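Please read the structure below before turning to the comments.
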Amino acid sequence: MRRHLPSLNGLQCFEAAARHLSFTRAADELSLTQSAVSKQVAQLEAMLQHPLFRRIRKRLHLTPEGAVYLSEARKILAQVEMSTRYMQSYGGESQVLNVATLPTFGARWLIPRLKGFRFRHPDINLNILHRSEPFDMAQERVEVAFFFGHGAWPRAECIKLLDEELVAVCAPAALEGMAVGEPLDLTRLVLLQSATRPEAWHDWFAAQDQYTEHSYHGPRFDTFYMSLRAAQAGCGVALVPRFLAQEELDEGKLVIPWPFALKSRDAYYMAHPEHMAELDKVRAFIDWIRERID
């Protein structure tokens, strides 16, 4: 069945006109005539059966339908550009390697281990992406992914990197005038919650045969980095992987108010699609990381 699709020229003309709110400026940017841009937009409106612009007092304005379509058009153009750049780099002298990682893990563990990679492999350009939620590596064209879990990823080989233990951390000033003689004493501080580990505080207390209604109460943060920053700012006490907080602990910016560490059942892994195991760029990166596993 024949697809009913707009032309890329039409999308480019519409996006440029919407950004400038001017057909003339869009034409200058695209090296076209004003009438050519206007014609492309008119053809797009005819296909969509919705007006995309209105002229009010001789000025161009997006219609509500135009504002909605602008967002979609930008996504399409960005995807086409990314796909084109990906294919331009594929198999050439310079190759792009797409690497997905958890945000705080990437900043604290992965990035320090990338030093020197470019000098050993000048033909490989790393593209580091943040991914907090599960995704399809094939669909997003990711060759290597770092994740926390059971060590399984569909149609991928997984390599274990390190285990995890969660510790409570807070700013030294948060403990002034406060004695911590048991885990429940921490409930006198604000328990900072992690969106990715909603059960963390409950499990931490339960592992010590302690229970409190405060386990799920407190500000919630998307990343461990934000939890660390909140704890350092004196907003409360955070429960985080020890290795992610080690820098602040070493510098005395954070302290561990109660020494118990909860060992996680899951661990951190590096994964790559099975069919890409022998690609030179993938193998080079995997070998590099393996050499730097503590």
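The values are calculated or read from the model by the stated rules, or taken from the named source; none is laboratory data. In this text, all values refer to a predicted model and were calculated from it rather than measured experimentally. We place every Cβ from the backbone using ideal geometry, glycine too, and count neighbours over all the protein chains shown.
Please count how many residues of region 229-242 are buried (at least 16 other Cβ atoms within 10 Å of the Cβ) and under 21 Å from His202 (Cα atoms). Show your work before the answer.
Within region 229-242, the first condition is being buried (at least 16 other Cβ atoms within 10 Å of the Cβ), and the residues that meet it are 230-232, 235-241.
So of that shortlist, the ones also under 21 Å from His202 (Cα atoms) come out as 230-231, 235-241.
The number of residues fulfilling the criteria is 9.
Considering each of Arg74, Arg113, Arg118 in turn, give the residue that is assigned by TED's automatic domain parsing to the domain that holds Leu279, of a type in the set (D, E, K, R) and touching a residue at least 24 places away in the same chain (Cβ under 8 Å).
Working: Arg74 fails: assigned by TED's automatic domain parsing to the domain that holds Leu279; Arg118 fails: touching a residue at least 24 places away in the same chain (Cβ under 8 Å).
Arg113 is the lone residue from the list that is assigned by TED's automatic domain parsing to the domain that holds Leu279, of a type in the set (D, E, K, R) and touching a residue at least 24 places away in the same chain (Cβ under 8 Å).
So Thr187 passes all but one of these: (1) of a type in the set (Val, Ile, Thr); (2) part of a helix (DSSP H, G or I); (3) touching a Leu at 6+ places or on another chain (Cβ under 6 Å). Which condition number does it fail?
So the condition that Thr187 fails would be (3).
Does Asp250 satisfy the criteria of being in a helix (DSSP H, G or I), within 27 Å of Trp204 (Cα to Cα) and out of contact with any strand residue (DSSP E or B) (no Cβ under 9 Å at 6 or more places or on another chain)?
On the way: in a helix (DSSP H, G or I): yes; within 27 Å of Trp204 (Cα to Cα): yes; out of contact with any strand residue (DSSP E or B) (no Cβ under 9 Å at 6 or more places or on another chain): yes.
Judged against the criteria, Asp250 is a match.
Does Ile289 satisfy the condition of being modelled with pLDDT under 95 and either under 23 Å from Thr101 (Cβ atoms) or part of a helix (DSSP H, G or I) (or both)?
Numbers: modelled with pLDDT under 95: no; either under 23 Å from Thr101 (Cβ atoms) or part of a helix (DSSP H, G or I) (or both): yes.
Here the answer is no, as Ile289 does not meet what is asked.
In region 93-119, what residues are out of contact with any strand residue (DSSP E or B) (no Cβ under 8 Å at 6 or more places or on another chain), farther than 20 Å from Leu279 by Cα and part of a helix (DSSP H, G or I)?
Result: Thr104, Ala107, Arg108, Pro112, Arg113.
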